[in-house]
Amino acid sequence: MKSHSLKQTIGLAMLTAAAAFAHGDQHSTAARPHFDATKVEDTAFGREGDPAKVSRVIRLRMTDAMRYTPSQITVKRGETVKFIVKNEGKQLHEMILGTSLDLTAHAELMKKFPEMEHADANMTHVLPGASGTVVWQFTRAGEFQFGCLVPGHFEAGMVGKVTVK
């Protein structure tokens, strides 16, 4: 394993484990604080987007069949996208953006800490019948994923792909 990937995995594990101790019985569905450009951090798959600079809205549906519709999305590098994610199922679902490695590592931690609370800019947790949003700027070309990391959902195929050109 490359040291960079190992550092990312260890860092994610440490942050996630720390968050596990602060978790309650529900995933957060609260609105994020007001956008603050000084607090935005770059990641391997982009960064939190400025809601005032959204160039495109993409609507996603989530179902208890453990699927997203659409499951494949193409965006332009530099584009700021607002995802509106509707949970049409009867179970809690979520959409988390990341690299394949990030989502796989996070899914493993969710198995160990299923009640873990997390509310980062690259994710939204959506109660049945509700909608959530993610505003994201895709700053790097490549293929990334979005998935539902509620235990068992990711493994059942609740994952999609974002291609950034």
If r is the Cβ-Cβ distance from ILE84 to GLU108 and R0 is 41 Å, what FRET efficiency results, to the nearest 0.05?
0.90
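Can you put ILE58, ILE73 in order of Cβ neighbours within 10 angstrom, beginning with the fewest? Display every interim value, and only then the final one.
Working: ILE58 15, ILE73 18.
Listing ILE58, ILE73 from fewest to most nearby Cβ atoms yields ILE58, ILE73.
With an 8 Å Cα cut-off and a minimum separation of 6 or more residues, compute the relative contact order for region 27-107 in percent.
Numbers: 73 pairs, mean separation 22.6, N = 81.
The value is 28 percent.
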Once you place label points 7 Å from the Cα toward the Cβ at LYS165 and ARG56, how far apart are they in nm?
0.9
What distance in nm separates the simple spin-label points at SER71 and ALA130, each placed 7 Å from Cα in the Cβ direction?
2.6
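Mind giving me the FRET efficiency for THR63 and ARG140? R0 is 41 Å, r the Cβ-Cβ distance, nearest 0.05 is fine.
Details: r = 30 Å, r/R0 = 0.73.
It comes out at approximately 0.85.
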To the nearest 0.05, what FRET efficiency results for GLU155 and ALA44 with a Förster distance of 25 Å applied to their C-beta separation?
0.65
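FYI, it's all coordinate maths here, none of it is from the lab. Quantities reported herein were computed from a predicted structural model and do not represent experimental measurements. We place every Cβ from the backbone using ideal geometry, glycine too, and count neighbours over all the protein chains shown.
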